[in-house]
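Colleague: Please see the structure below; I have some questions.
Computed from the coordinates by the stated procedures, all read-outs in this text should not be read as laboratory data. All values derive from a computational prediction rather than experimental measurement. All Cβ positions, glycine included, derive from the backbone under ideal geometry; neighbour counts span all protein chains shown.
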Amino acid sequence: MANHQSAKKRIRQTESRRVENKYYSRSTRNAIKQLRSTSDKTEATELLPKVSAMLDKLAKRNTIHKNKAANLKSSLTNHVNSL
C-alpha cells in the first residue's frame, strides 16, 4: 500500500483518469459503430464531423495513438463518401 501522500494522490488521479478515458473511449466506439451501420448519406455526413472530433480529442489526450485516430477517420470518410 502507498506510504507517501503523493503516492496516494497519484492512485486517486490514476483511477479517475482511467474511468474518464474508459467513458470517452466507449462513447467514441459506439459513435463509430453507429456511423458505420448507417446507410443514409445525409445522416452519415452529419455524424462524421462529430466522430472525427471525438477521435481527435482521444488522440490529443493520448488515450489512443494519433495514427490510429487518423486511420479511423480516413476509413470512416471513405465509408461516407461511398454511400
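Colleague: Consider only pairs whose beta carbons are under 8 Å apart and that are at least six residues apart or on different chains; among these, list those whose first residue lies in segment 3-20 and is over 18 Å from Thr63 (Cβ atoms) and whose second residue is surrounded by 10 or more Cβ atoms within 10 Å (Cβ to Cβ).
Modeller: Lys8/Ala2; Arg10/Ala2; Ile11/Ala2
Colleague: Filter segment 48-62 down to residues that are within 14 Å of Ser75 (Cα to Cα) and of a type outside the set (Gly, Ala, Ser) and give me whichever is nearest to the chain's Cα centre (by Cα).
Modeller: Leu55
Colleague: Considering segment 47-83 alone, what residues qualify as being farther than 22 Å from Lys22 by Cβ and not in a helix (DSSP H, G or I)?
Modeller: Passing the criteria: only Leu83.
Colleague: Right, another one. Can you work out which of the residues in segment 1-46 that are of a type in the set (Gly, Ala, Ser), loosely packed, with under 13 Cβ neighbours inside 10 Å and part of a helix (DSSP H, G or I) is nearest to the chain's Cα centre (by Cα)?
Modeller: For segment 1-46, the residue satisfying everything is Ser27.
Colleague: If Ala70 passes every condition in (1) among the small types (Gly, Ala, Ser); (2) touching a residue at least 12 places away in the same chain (Cβ under 8 Å); (3) in contact with a helix residue (DSSP H, G or I) (Cβ under 9 Å, 6 or more places away or on another chain) but one, which one does it miss?
Modeller: Going through the list (1) among the small types (Gly, Ala, Ser); (2) touching a residue at least 12 places away in the same chain (Cβ under 8 Å); (3) in contact with a helix residue (DSSP H, G or I) (Cβ under 9 Å, 6 or more places away or on another chain), Ala70 breaks only (2).
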